[in-house]
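Take a look at the structure set out below.
The values are calculated or read from the model by the stated rules, or taken from the named source; none is laboratory data. Model, not experiment: these values are computed from the prediction. When we count neighbours, we look across all protein chains shown, and the Cβ atoms used for this are built from the backbone with ideal geometry, even at glycine.
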Amino acid sequence: MYDEYLKKLDEAGKIRNLKERSISCYHNYVAYFLNYVGKDPKELTCQDVRDFLLRKKDEGLKATTLNLYNSSIRFFYKFVLGILWDEILVPRMIKDQPLPVVLTLDEVNLFLDNVEDIKYKAMFATMYSSGMRVSEVIHLHYDDISRSNMQIHVRNTKNRMDRYTILSKKNLDILTRYWFERNRPTGILFPNRFTGEYLTVSTLEQVMRRAIKESGITAKATPHSLRHSFATHLMEQGVDQKYIQTLLGHRDPKSTEVYLHRSNKTIMGIQSPFDREDLKNE
């Protein structure tokens with residue numbers, strides 16, 4: 001019933017050079033919305049979206065998911081149906097902002113010690129030592145590792161901005177060991193051993209859950225926690241926030257500021273005024 005409209009949605013995404021993952025996300029969310037509402041798309045209004053989102057919120061969906069629906073349907077309304085979007089009637093929901101899960105250095109080492117497969121050990125070590133996203137590590141190629149400059153060329157990033165990040169000596173040692181033990185891959189650095197294609201994010205998530213459990217670490221850590229740990233530990237070392245922002249590939253400095261809240265203020269040398277003995281009573 002809605003195939004023609006969904007096809008136009010896919011085309012609208014392609015002509016704007018959106019990533020396939022984004023187009024697929026828009027397609028799935030809009031398809032669900034259309035089937036849920038059950039109206040002719042020509043008769044849709046912003047009130048229909050408002051009613052839909054309110055019902056879904058009552059059903060327990062989180063603000064993050066509801067905002068994905070909002071973005072997808074807004075794109076569909078604007079570029080396929082030509083309907084003027086009403087930001088007041090259908091606002092984006094305020095999201096909870098929990099602090100990121102950050103592992104201590106001891107926990108990172110303990111976790112890596114419990115990753116037996118050298119390929120996954122190399123991938124997780126790269127995430128922590130270079131601050132890369134899991135999707136970025138998955139898409140690494142052999143030529144992206146620069147031993148002479150001790151840098152990693154990060155491609156296929158979330159915001160489509162290539163960047164360089166640091167390559168640690170310890171991580172290079174692990175990568176070298178992996179490379180020699182696994183037939184010296186010259187294309188995709190961490191290929192699926194069955195298909196030769198890229199691994200999936202879910203594969204690394206499963207491996208990490210198992211290793212975290214075996215390590216006895218109680219934190220609810222995910223692969224992205226290694227990136228959070230990289231940034232927080234750099235901040236605690238006194239590295240300027242703008243350099244951390246560059247290494248992480250953040251466009252907005254506010255995305256990097258969250259690590260100030262998660263960092264250990266004692267390590268950063270910040271003392272509460274309540275503990276200062278030189279303060280005099282007036």
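Annotations for the structure displayed:
A quick yes/no check of all residues on (1) without any contact (Cβ under 8 Å) to a residue 40 or more places away in the chain; (2) under 30 Å from Thr222 (Cβ atoms); (3) not basic (Lys, Arg):
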| site | (1), (2), (3) |
| --- | --- |
| Leu34 | yes, no, yes |
| Thr45 | yes, no, yes |
| Asp51 | yes, no, yes |
| Lys62 | yes, yes, no |
| Val80 | no, no, yes |
| Trp85 | yes, no, yes |
| Val90 | no, no, yes |
| Asp96 | yes, yes, yes |
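- Residues satisfying the criterion are present in segment 10-19 (criterion: closer than 30 Å to Met161 by Cβ, modelled with pLDDT of 95 or more, of a type in the set (Asp, Glu) and not assigned by TED's automatic domain parsing to the domain that holds Thr157).
- Residue within segment 85-101 that is assigned to a helix (DSSP H, G or I), under 30 Å from Met1 (Cβ atoms) and at pLDDT 95 or above present: no
- The numbered conditions (1) of a type in the set (Phe, Trp, Tyr); (2) over 23 Å from the mean Cα position of the chain (by Cα); (3) loosely packed, with under 15 Cβ neighbours inside 10 Å are all true for Phe76 except (3).
- Set Asp143, Asp173: member being exposed (fewer than 13 other Cβ atoms within 10 Å of the Cβ), over 26 Å from Leu105 (Cα atoms) and over 22 Å from the mean Cα position of the chain (by Cα): Asp143
- Criterion violated by Thr64 - all others in (1) modelled with pLDDT of 95 or more; (2) surrounded by fewer than 12 Cβ atoms within 10 Å (Cβ to Cβ) satisfied: (1)
- Restricting Leu103, Leu68 to those that are within 20 Å of Val201 (Cβ to Cβ), without any contact (Cβ under 8 Å) to a residue 60 or more places away in the chain and hydrophobic (A, V, I, L, M, F, W, C) reduces the list to Leu68.
- Selection from segment 8-27 of residues that are part of a helix (DSSP H, G or I), crowded, with 16+ Cβ neighbours inside 10 Å and not aromatic (Phe, Trp, Tyr): Leu9, Asp10, Ala12, Gly13, Ile23, Cys25, His27
- Qualifying residues in segment 254-268 (those that are in a loop (DSSP other than H, G, I, E, B) and at pLDDT 75 or above) - the one surrounded by the most Cβ atoms within 10 Å (Cβ to Cβ): Ser263
- Some residue of segment 42-64 being more than 26 Å from Ile94 (Cβ to Cβ) and not basic (Lys, Arg): yes
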